[in-house]
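A short worksheet on the structure shown next.
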Amino acid sequence: MQQPSSPFTKAQLLPQEEKLEISKQKGELFIGLPKETYFQEKRICLTPDAVGAMVAHGHRVLVEKGAGEEAGFSDNEYSEAGAKLTSDKHQVFGCPIILKVEPPTLDELELMKPKTVLISALQLKTRQESYFKALAKKKITALGFEFIKDEDQSYPAVKALSEIAGTAAVLIASELMVNAKKGNGLLFGNISGVPPVEVVVIGAGTVGEYAVRSALGLGASVKVFDSSLTKLRTLQANVGRPLYTSTIQPKNLLKALRRCDVAIGAVRGKNRSPIIVTKTMVENMKKGAVIIDVSVDMGGCFETTEVTSHDEPTQITNGVIHYGVPNIPARYPKTASISISNIFTPYLLDIAENGGLENAIRFDSGLRNGLYFYRGILTNKAVADWFDMSWSDINLLIY
């Protein structure tokens, strides 16, 4: 006879003694801020001001020497804010809470102590199964900050970095039109008697909205395309002025691309971005036009885009300048670091007020949504499906 399936083990089903909930007690956090080693990653999760706020609340912060230099924050600033500095990686990764922008490497995971709390990006598409096995081996509790939800069910970290990427896309395009090889020498700006620069934005999400705001602010003529009427309507309401908006129809899009000087792609898909602009469409664009493919980290929505780096950011295909750097916010490390720090600081103080992460995730469903590993157990269905691994519902583990 087949055994009835149950999410609980035999031991969990045995009668338990009654446990009364005790009042929350404030805890003291000990946070490690290691230096980012990932290629061209210059950001840091906490600014000296944020460290000062943490120390003022009675918490300890250990910063690896040089961790904030690329983002414009000196070791002296961290020291004056109350952080302890060290050049020993083992010491930093030995802290009970590790705060990083990029996910740790397997070597860095080896330096961590068992039952450490890791808060970083997950970047699911770049992970290998060995990464999750290393987390399980060390019984690590891990939060992916791109999955953390706000009170309004939005993703604050993703939104903040999308705002930077959208604004930066227009500024980068204005630079490339003048400085890149074969650039057409146009100035972004509403100069009297000169027709404005024409910009096509594909995607009406946060990246698209901030690209539109920046382009309009510089005096460009903007056309926005998206498959969702609701998103187009929301964007128009948020920008607060009438815009040319259209659903993604090949005929209309091709017509706009033929005339435009700058095309910005900001469309994300589930597993990869859909290819919206084909090679033929790019061949019909003006020579010297600029393409900024913000969604290149998910495959890109221009068929001709190739992944490039901050050192060599452009490639020219069919006379059109393509910018395919996947990590645009890292180009502005100080702004990005301040933005990330503004998000993390309240969450860390909240975790401390609740007496630790375990209590915080019980009371904050948005924070709980960011949890993908709990004491070495995988708790995220998306990760489990992607790698065909077994997982447990976090609600069964913490209540």
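The values are calculated or read from the model by the stated rules, or taken from the named source; none is laboratory data. What you are looking at is a predicted structure, and each value in this text was computed from that prediction instead of being measured. A quick note on method: Cβ atoms are made from the backbone with ideal geometry, for glycine too, and the neighbour counts reach across all protein chains shown. Heavy atoms of the whole protein, side chains included, go into the accessibility calculation; ligands, DNA and RNA do not. Shrake-Rupley method; radii C 1.70, N 1.55, O 1.52, S 1.80 Å.
A cut-off of 5 Å between modelled amide H atoms, ignoring neighbours fewer than 5 places along the same chain, links residue 300 with 273. Label-to-label distance for residue 388 and residue 317 is 3.2 nm, based on points extended 7 Å past Cα in the beta-carbon direction. Ordered by 1.4 Å accessible area with all protein chains kept, 171, 124 run largest first as 171, 124. The residues of the chain expose on average 50 square angstrom of accessible surface per residue, using a 1.4 Å probe on protein heavy atoms. Carbon-plus-sulfur accessible fraction, the chain (probe radius 1.4 Å, protein heavy atoms only): 51%.
When shorter helices are ignored and each DSSP H run of at least 4 residues is given -39500 (n - 2.57), the per-residue value for the chain at 222 nm works out to -10500 deg cm²/dmol.
Taking R0 as 41 Å, what FRET efficiency do you get between residue 146 and residue 192 from their Cβ-Cβ distance, rounded to the nearest 0.05? Step by step, r from the Cβ atoms, then E = 0.40. Relative to the current alpha-carbon distance between residue 87 and residue 259, full extension at 0.36 nm per residue lengthens the span by 56.5 nm. Electrostatic bookkeeping for residue 153 treats Lys and Arg as +1 and Asp and Glu as -1; over the other residues with beta carbon under 14 Å from its beta carbon, the sum is -1.
Can you figure out the FRET efficiency of residue 249 with residue 303, using R₀ = 25 Å and their beta-carbon distance, to the nearest 0.05? Taking R0 as 25 Å, the efficiency between residue 249 and residue 303 is 0.90.
In this structure, the amide hydrogen of residue 373, modeled 1.01 Å from its nitrogen in the peptide plane, lies closer than 5 angstrom to those of 142, 379, counting only residues at least 5 positions away or on a different chain.
Here is what passes the span test in the chain: the DSSP H helices with alpha carbon length of 20 Å or more along the helix axis and a Kyte-Doolittle mean of -1.0 or above are 156-179, 333-353. Report the longest stretch of the chain that contains none of the GluC sites (Glu not before Pro) sitting in a DSSP loop with at most 10 other Cβ atoms within 10 Å. The segment 152-399 is the longest one with no such site.
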